[in-house]
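K.L.:
Below you'll find the structure I mean.
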Amino acid sequence: MPRLLTTLAAAMFALAATAAQAATYTVDPVHSYVGFRIKHLDVSYVYGHFDRYDGTITDGDAPTLNMTVEAASIDTNHPGRDQHLRLADFFDTDAHPVWSFASSGIEETEDGYHITGTLTIRGVAQEVTVDAVKTGEADHPSFGHRIGYLCEFSINRSDYGINYGIAEGVLSDQVDITLSLQFIEDQPEEEGGGE
């Protein structure tokens, strides 16, 4: 019986340790960047970014990544162009205010991660696979446990129903996207408390 109890206690300890290793991290928008570039007249690139977005990752045996972007927060350093991008020619933000990505699988590779999931833009959902690399990790006494990732990939905007200017050669179909994300580990809520 003592041996059985010892084995059971060891198994419970191992399960608890595994559970403790799983953590959730939330993106820190002050130290992150969600941006893109698109070619204009096949001459040079126009760059833009989004000011409002959110995201979480969970680690453990089945890691996940989920992100949302407020499409109306577009900023290309030109207010008139930004307003045009919010209209039906492009993002149609009144009808589709939020873009999202939800991972369905994350595979660790020698150089980083393969992330497969559903990218939804302008109400159109497409499965994509992108590569990400870990750029750093730190435990800071004031700023907590943080992890950084860089993800660069390209999409064809016509896949999401954004066709304005492609046929005329004004704007490229391909859009290059850059995500430089810093995540901070969520702290578990303390038990008890209250009034």
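K.L.:
Tell me which residues, restricted to the stretch 35-67, are more than 22 Å from Q187 (Cβ to Cβ), part of a strand (DSSP E or B) and under 14 Å from the mean Cα position of the chain (by Cα).
P.N.:
Matches in the stretch 35-67: G35, F36, H49, F50.
K.L.:
Scan the stretch 133-161 for residues that are closer than 21 Å to T118 by Cα, touching a Lys or Arg at 6+ places or on another chain (Cβ under 6 Å) and of a type outside the set (S, T, Y) and report the count.
P.N.:
Selection size over the stretch 133-161: 1.
K.L.:
Quick one: what pairs do we get from the stretch 23-52, first residue within 12 Å of S180 (Cβ to Cβ) and free of Cβ contacts under 8 Å to residues at least 40 places away in the same chain, second surrounded by 14 or more Cβ atoms within 10 Å (Cβ to Cβ) and among the β-branched types (V, I, T), C-beta under 9 Å, 6+ apart or different chains?
P.N.:
Cβ pairs passing all conditions: H49/V34; H49/I74; H49/T76; H49/T178.
K.L.:
Among the residues of the stretch 70-96, write down those that are loosely packed, with under 15 Cβ neighbours inside 10 Å and assigned to a loop (DSSP other than H, G, I, E, B).
P.N.:
Scanning the stretch 70-96 gives N77, H78, L87, A88, D89, D94, A95.
K.L.:
Can you find even one residue in the stretch 58-67 that is exposed (fewer than 12 other Cβ atoms within 10 Å of the Cβ) and either within 19 Å of L179 (Cα to Cα) or in contact with a Phe, Trp or Tyr (Cβ under 8 Å, 6 or more places away or on another chain) (or both)?
P.N.:
No, the conditions are met nowhere in the stretch 58-67.
Every number in this text was worked out from the coordinates using simple rules, so none of it is lab data. Everything numeric here is computed off the predicted structure, so don't read it as measured data. Neighbour counts are summed over all protein chains in view; Cβ atoms, including those assigned to glycine, are modelled from backbone coordinates with ideal geometry.
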